[in-house]
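Structure record follows, encoded as structure tokens.
The values are calculated or read from the model by the stated rules, or taken from the named source; none is laboratory data. Owing to the predicted nature of the structure, the values given are computational and were not obtained by experimental measurement. Heads up, the Cβs are rebuilt from the backbone with ideal geometry, glycines too, and the neighbour counts pull from every protein chain shown. Surface accessibility is based on the protein's heavy atoms, side chains included, excluding ligands, DNA and RNA. Shrake-Rupley method; radii C 1.70, N 1.55, O 1.52, S 1.80 Å.
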Amino acid sequence: MIRTLFLIIMLGLPGLANAVEPDEMLADPNLEARAREISRELRCVVCQNQDIDSSNAGVARDLRLLVRERLTTGDSNEAVIDFVRARYGDFVLFKPPFKPQTYALWIAPFALPAAAFAIGGILLWRARRRASVEALSDEEEALVAQVLARHGRGDEK
Amino acid sequence: MKRLFAVVPLAVAVVLGGFFLWGLNPERDPSEIPSVLISQPAPEFDLPSVPGVDVPGLGRADLTDNPGPVVVNVFASWCVPCKAEHAVLTRFVERHGLRLFGINYKDEPEDAATWLSDLGNPYERIGSDLSGRAGIEWGISGVPETFIVGRDGTVLYRYVGPIVGEKAVAKFTTALTQAGALERELGS
């Protein structure tokens, strides 16, 4: 019984790790859900590896309020994110945008293994082709037979 | 072709080594956030003066059409490093003719007034940012932060954290000199 209770409490704890305070929340559950969604995509500029949804920093709270304020004035999710991005840069986005500066970031994980497989494949293919080339041609077989015939069979001394 | 392949491991090692060297550099601050404001016009904001302090408030309009570059310093009385920085900024104003504007960030007006009367007020104008909204417009992540704004209202430079200590002061002085914000050169 105690164990079950302990388990329930422990499993419930992460849900409590929540910085959004009741006075910040919007009355409209729809808008509030969107605000939460946006807040999870925005990085807290003070505690850097936390999103503003779970950060207790002052600036994070201000940004949460700002997100909600923009939403209530009718902004779309993208418009709200762009508003914050215009002031804090791409750094506030947990998901970096796909643009020339971030091509390496987005493409490298796929391009590097692809290049490795390509180079490996080419090397293996070339090695196999060389092995098949090493077999004697008919002319060479004839020549060997001739030499052997002239000098007697190889196993006779 | 084969010879070329022989160089590949070396090339990989050099590139990786370069990254490691860059990562190990003690001067590099991984938590530093690049500012989007640099070379951009200063953000739109308009702040009232701090009650009890006898200098006017600060807005976007005060940052344009100045005879030279000005400095905008975000400070608060509750911010301990600001107190140390205050002495440095005061010296810049008194000795080198720096024009200093302030944004009083999320501060109680009475506390700010007491703080300024105790330490002296080097600021020409101070805007009271009670909600921290102007701070967001400036993209600040904490206090203190200091910006150099050009004559046309373009943000030229941003310093995050207190300008305290030899290194920081030297860095900021270089930026001020480059911007031409110092009336009298240092050492005079």
**OP:** Would you pull out the residues with amide H under 5 Å of B:Tyr157's amide H, same chain only if 5 or more places away, H placed 1.01 Å from N?
**Re:** B:Ile148
**OP:** Return the distance in nm (one decimal) between the two label points of a simple spin-label model at B:Phe19 and B:Glu94, each offset 7 Å from Cα along Cα→Cβ.
**Re:** 5.1 nm
Original post:
Taking only protein heavy atoms and a 1.4 Å probe, what accessible area per residue, in Å², does chain A have with all protein chains in place?
Top reply: 72 Å²
Subject >> 3J(HN,Hα) from dihedral phi, the stretch B:149-157, Karplus parametrisation 6.51/-1.76/1.60, rounded to Hz, x for glycine, proline >> reply: 10, x, 4, 8, x, 8, 6, 9, 7
Subject >> Highest-MSF residue in chain B out of B:Ala134, B:Ala13, B:Ala170 [GNM, Cα springs under 10 Å] >> reply: B:Ala13
**OP:** Sort A:Ile122, B:Ile148, A:Ile2 by accessible area with a 1.4 Å probe, largest first.
**Re:** A:Ile2, A:Ile122, B:Ile148
Subject >> chain B - percent of accessible surface contributed by carbon and sulfur, probe 1.4 Å >> reply: 59 percent
Subject >> Loss of accessible area when B meets A, both sides summed, Å² nearest 100, probe 1.4 Å >> reply: 1500 Å²
**OP:** Please work out how much accessible surface A:Lys99 shows to a 1.4 Å probe, ignoring ligands, DNA and RNA, in Å² rounded to 10.
**Re:** 60 Å²
**OP:** Keeping every protein chain in place, order A:His151, B:His96 by accessible area at 1.4 Å, biggest value first, i.e. largest first.
**Re:** A:His151, B:His96
Subject >> Solvent-accessible area of B:Arg133 with every protein chain in place, 1.4 Å probe, in Å² to the nearest 10 >> reply: 70 Å²
Original post:
Given R₀ = 41 Å, FRET efficiency for B:Asp152-A:Glu24 by Cβ-Cβ distance, to 0.05?
Top reply: 0.60
**OP:** Starting from the stretch B:1-87, pick out the trypsin sites (Lys or Arg not before Pro) whose DSSP state is loop and whose Cβ has at most 10 other Cβ atoms within 10 Å.
**Re:** B:Arg28
Original post:
When chain A is modelled as a GNM with alpha-carbon springs shorter than 10 Å, which of A:Ala35, A:Ala108, A:Ala57 fluctuates the most?
Top reply: A:Ala108
Subject >> the stretch A:101-151: radius of gyration and largest Cα-Cα distance (Dmax), Å >> reply: 22.7, 73
Original post:
So for the stretch B:33-179: antiparallel DSSP bridges make up what percent, rounded to the nearest 5?
Top reply: 55 percent
Original post:
Of B:Leu24, B:Leu119, B:Leu47, which has the largest mean-square fluctuation in a 10 Å C-alpha GNM of chain B?
Top reply: B:Leu24
Subject >> Per residue, in Å², the accessible surface of chain B once ligands and nucleic acids are set aside, probe 1.4 Å >> reply: 53 Å²
**OP:** Give the long-range amide H neighbours of B:Arg125: residues separated by 5 or more places, or on another chain, with amide H under 5 Å away, using H modelled in the peptide plane at 1.01 Å from N.
**Re:** B:Gly102
Subject >> For the stretch B:105-167 and the stretch A:48-96, distance of Cα centres in Å >> reply: 22 Å
Original post:
In square angstrom, rounded to the nearest 10, how much accessible surface does A:Leu105 have for a 1.4 Å probe?
Top reply: 110 Å²
Subject >> Probe 1.4 Å, all protein chains present, accessible-area order of B:Thr114, B:Thr173, largest first >> reply: B:Thr114, B:Thr173
Original post:
Binned at 10 Å from 0, what are the whole-percent values of the Cα-Cα distance distribution for chain B, short to long?
Top reply: 9, 33, 31, 11, 7, 5, 3, 1
Subject >> Those lysines that a straight Cα-Cα span of less than 26 Å connects to B:Lys171, excepting residues fewer than 8 apart in one chain >> reply: B:Lys83
Original post:
Per residue, what volume in Å³ does the convex hull of the Cα atoms of the protein assembly as shown enclose?
Top reply: 339 Å³
Subject >> Dimensions in Å of chain A - Rg and Dmax from alpha carbons >> reply: 34.0, 105
**OP:** Indicate the helices, whole DSSP H runs only, in chain B that combine a mean Kyte-Doolittle hydropathy of -0.5 or more with a Cα extent along their long axis of 18 angstrom or more.
**Re:** B:2-24, B:80-96, B:166-179
**OP:** Amide H neighbours of B:Gly132 under 5 Å, at least 5 residues apart or on other chains, H built in the peptide plane: list them.
**Re:** B:Lys106
**OP:** Give the percent of DSSP beta bridges with both residues in the protein assembly as shown that are antiparallel, rounded to the nearest 5.
**Re:** 60 percent
Subject >> Surface share of carbon and sulfur [accessible, 1.4 angstrom probe, percent] for the stretch A:101-151 >> reply: 68 percent
